[in-house]
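All remarks here apply to the structure that follows.
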Amino acid sequence: MDERASADDVRRMADALRSGGRMTTDVCPICGSPLFQLSGELRCLKCDKKVVKIKDDVEATAAGAPYVLKQMDQSVIRKIEELTIALSRAKDIDEVREMGEAIRSLLWVLSESRKLQGSSE
């Protein structure tokens with residue numbers, strides 16, 4: 001299976017070169033395979049992933065922001081689900097009000113996060 005995977009990798013690289021791609025001197029930080037410039041993107045054909053070169057802390061932050069926002073969205077959604085379940089069991093009006101405010105705040109955070117994600121695309 002290792003030989004077949006290697007042959008498939010070589011075939012993908014050859015296909016990329018034939019279709020106008022350019023092999024760069026950079027290597028994939030995951031697998032060490034050469035990176036290819038294809039349609040304006042730097043890609044690892046072995047991992048089949050886009051690769052972003054980072055030159056400084058500002059670029060590192062910008063490259064990581066979409067990942068962080070998506071992780072935050074998932075956490076916020078889990079909290080909303082937890083609060084919704086607790087809200088359905090709540091009897092005390094102050095507890096209901098408190099949970100409602102928490103859900104409203106979390107929905108606002110989710111909305112703002114999605115706006116940021118939309119503006120970075």
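The values are calculated or read from the model by the stated rules, or taken from the named source; none is laboratory data. All of these numbers come straight from a predicted model, not from anything done at the bench. All Cβ positions, even for glycine, are placed from backbone atoms using ideal geometry, and neighbour counts span all protein chains on display.
I'd like to check something: does the range 54-76 contain any residue that is over 26 Å from the mean Cα position of the chain (by Cα), acidic (Asp, Glu) and assigned to a helix (DSSP H, G or I)?
no
Quick one: which residue in GLU59, GLU101, GLU95, GLU81 is surrounded by 13 or more Cβ atoms within 10 Å (Cβ to Cβ) and without any contact (Cβ under 8 Å) to a residue 24 or more places away in the chain?
Numbers: GLU59 fails: surrounded by 13 or more Cβ atoms within 10 Å (Cβ to Cβ); GLU101 fails: surrounded by 13 or more Cβ atoms within 10 Å (Cβ to Cβ); GLU81 fails: surrounded by 13 or more Cβ atoms within 10 Å (Cβ to Cβ).
GLU95 is the lone residue from the list that is surrounded by 13 or more Cβ atoms within 10 Å (Cβ to Cβ) and without any contact (Cβ under 8 Å) to a residue 24 or more places away in the chain.
Being surrounded by 10 or more Cβ atoms within 10 Å (Cβ to Cβ), at pLDDT 85 or above and not assigned by TED's automatic domain parsing to the domain that holds ARG114 is true for just one of GLY40, GLY32, GLY21. Which residue is that?
Going through GLY40, GLY32, GLY21 in turn, the sole match is GLY21.
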